[in-house]
Each structure stands twice: as C-alpha cells, then as structure tokens.
Amino acid sequence: MTVRSWGLLAAFLALFAVVVPESARAVGPVETGMFSVTGVEVDVTDKDAASARTRAIIEAQVKAFYILAERLGSPEAAQRLAGMDARDIGRMLRSLSIEEERSAPGRYIGKLTVRFLPAKIREVFGRHGIEVVEDQAPPIVILPLWKGPTGPIVWEENLWRKAWLDLKAEQSVVPIIIPLGDLEDTSAISPEEVLAGDAIKLESLMIRYEAKAILVAFAEPDPQGGIHAVMQGDSPLGRINFDKTYTSEDGTVEGAAAAAARRFDEVMLEKWRSVKIKMAAEARARVEAEQQAARPAMSLAVAVPFSGIHQWNGIRARLLSTPGVIGVDVSTIAQNGAVIQLAFSDSVQTLQSALSGSGLRLVRAGGTWVLQPL
C-alpha cells in the first residue's frame, strides 16, 4: 500500500470514528480547549465526492496542526515542524467535527473543528525544542468600531467586526471575546459613546463578559487603499499600541481588514508568550537559587603560589567572582604564596570548569590542590 493510500485509509477510518456534525455534539471544555482549532476551511476535488471528503479530512488535520503550532509556539515553531507526515499528525488527533459542509460531484467544501491530544502535542513540540505556552491570558473584550462614510458602526454587521469574529479566538492562548451585539449590548453603549471612549459604559461591557480588559479596535478605509487600524490601551499583556495601515494581496478592503485583525491577534499572542516565557525563566532561576542555597557546601585546602601581593589580589578577586565559589578563607599567607580553604557548592569538576572561565586552573599536584592563573 502506498503512503498516500495509507493516509487516505487512516483518514477514512477516522471519519467514522471521530467525525460528528457540530450540531450533534455537546460543547464543553474538551470541545473548545486550547488544543482545538475551529473554522478550518477545506476545498478539495477528487474523482468523486466521497474521495474528496476523505482527502479533506487529511488536509484539515494538517492545516489545523500548523495553526496550533503558531498559536501555542510561534510562526518559527510552525516552520520548524514543516514537513511532518500526515500520518504522524493523524496520530495526535483527538476528534473532528463538521461546522459546515457541502459537496458536489468530485468536490467537497467544508469548515471543521479539529481537536488534538494535549499529551501528544506536548511530546512532539518538546522533541523539536519548542517551548509551549499553555497558560491562557485573562480574556479580553475587543470592540471593533468601523468608521465608514455614514458614521461609526459597532453593532451592525460590517467587514471590520466580521474580520474579528472570523478569528474564532475565544479559546486561544489570548482569549478574545467579541460582544454578541444583542439588545443588552446595544443598550449598554452606542457607537458615539464608543468613539468618545466612555470609560464607565465600556467597563460595564467588560463586566458583562467577565473579562479583565476591554479594548476598542478602530478601523477606517485608507485613502491610499486598504484600511487604517488603531488599538490602544492597557491589558494583562501590557500596553497595547497598534497604529498602522494594512492592505491585502487581493486588493479588497475585506482582505485588508482580515489581515489587520490577524496581525493584531498575532502581536497579542507574541506579547503574552514573551510575558510567560520571562516568568518561567524567572521561576526556574529562583528554584535553581534555592537549590543552590540548600546544597551543602564543600571545601578544599588549596595552595596558591604568586609572585607578589598584586597578583594575589587579582587571583582572589577572580576567585570570589567565580560561579559556585562560596567563600575563600586564608589559612596561611607569605610573600610568594598562600594556603586557602576554598568553599564551593558543586562538584570539583564543575568548580574546575568555572575557574577556567575565570582564567584560573585548579590541578592536583603531589597530593596537593594547586591554583594558578592560566
């Protein structure tokens, strides 16, 4: 059986094992977790609709995997995983469900939700040296305001609001909540009040959606093409400050709006990853420092020959600045040398390596430890 046939068969079996129409599923934490990717679009042609559908399942898995890699890792992480076999990706699959689908002779068009097994994803990412940020940021309400020729629009359907809704980022590492725009929302704040930055009414909207911040994303058509998008304010990620004109390859305003929303989302993910990686590094440093402090100190009697007091002072300064050296007690000292008690926190081999980095050599000579400049 060829690799392609094997992949098609695996996906075909998965189709019956794990693919269920979205409307038939109960939505819960498993369905909408960070290891799920929603809105995966596929459009596949083959010899018949059934074959096209089977191929679409494979394509959706692969596409979702790289979206997840960017979300939990980074664009660079996704590049590092490039070329992974569809079969390997399939082994990490938890389930799929169909959001939308339609078929024609030899063609399948669909939108799917793909869910992966967290343990398998962590294992693969770890093998590739990718640090995964799983801790979600506190949810942020984004209120898209479109400034068109007829005035500010917030609640009506418009291309800027659609661009944010299409992100489907409610369960992302940085959860983005787009208000429903129902009667309660429209009664809470008007487009003019959003434009004016009414802090009390904006806060009421934030409280309704149990978020930790609310940011208004302004956008308007740019005279030179594309859109001009601005979003500024404080958030759990730090200060947000976007102000840029975006265009799209297809030259449409809709495409530019989608590009702007995606870029805003990417930058917020990058900011949160940076915050969490820094916090993790600081936590590791604290643990290492605590372990270092708890480790029992060791000591050696060391002979230190030198030509004069100036050389001794230099050797002693380098000793005290060497990582792992806890203390230097002088037992005896003369014009051409000293005997010291050298206290350190790790093994002798580690100490020798650290001393070498400080320009000193610790060697055993005739039963005595001797320290000399390199």
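Fully extending the segment from R102 to I277, taken as 0.36 nm per residue of separation minus the present Cα-Cα distance, adds 58.7 nm.
Relative contact order of the chain: 11 percent, from C-alpha pairs under 8 Å at least 6 residues apart in sequence.
A simple spin-label model places pseudo-atoms 7 Å from Cα toward Cβ; at D222 and R127 they are separated by 4.3 nm.
With coordinates expressed along the principal axes, the C-alpha atoms belonging to the range 140-290 extend over 62, 38, 24 Å, beginning with the largest. With helices as the sole contributors, the chain gives -13000 deg cm²/dmol at 222 nm; each DSSP H run of n ≥ 4 counts as -39500 (n - 2.57), and the sum is divided by every residue. Counted by neighbouring Cβ atoms within 10 Å, the residues K147, K47 run from fewest to most as K47, K147. Under 20 Å from the Cα of K271, which aspartates and glutamates turn up, not counting those fewer than eight places away in the same chain? Candidates past the 8-residue exclusion: E70, E76, E131, E134, D135, E170, D234, D243, E282. Straight-line cross-link partners of K276 among the lysines, defined as a Cα under 25 Å from its Cα and at least 8 positions apart when in the same chain: K120, K168, K212. For the range 259-374, the normalised intensity computed at q = 0.18 Å⁻¹ comes to -0.91 (log10 of I(q)/I(0), Debye sum over alpha carbons, equal scatterers, no solvent). Separation of the range 114-166 from the range 175-219 is 17 Å, based on Cα centroids.
Applying both filters, DSSP loop and at most 10 other Cβ atoms within 10 Å, to the GluC sites (Glu not before Pro) of the range 171-234 gives E210. On the principal axes of its alpha-carbon atoms, the chain has extents of 93, 65, 40 Å, going from largest to smallest.
For the range 245-301, the set of GluC sites (Glu not before Pro) satisfying both a DSSP loop assignment and a count of at most 12 other C-beta atoms within 10 Å is given as E249.
From least to most packed, judged by other beta carbons within 10 angstrom and beginning with the fewest, V194, V275, V363 follow the order V363, V275, V194.
Pairs with C-alpha atoms separated by more than 31 Å, drawn from the list K47/K162; K63/K244; K244/K278; K147/K278, are K47/K162; K147/K278. Between the alpha-carbon centres of the range 302-361 and the range 53-88 there is a gap of 54 Å.
With R₀ fixed at 41 Å, the C-beta to C-beta distance from K162 to A285 puts the FRET efficiency at about 0.40.
Rule-based calculations on the coordinates, nothing more; no lab input. Note that the coordinates shown come from a computational prediction; the quantities given were computed from them, not determined experimentally. With ideal geometry, Cβ positions are generated from the backbone for all residues, glycine too; neighbour counts draw on all protein chains shown.
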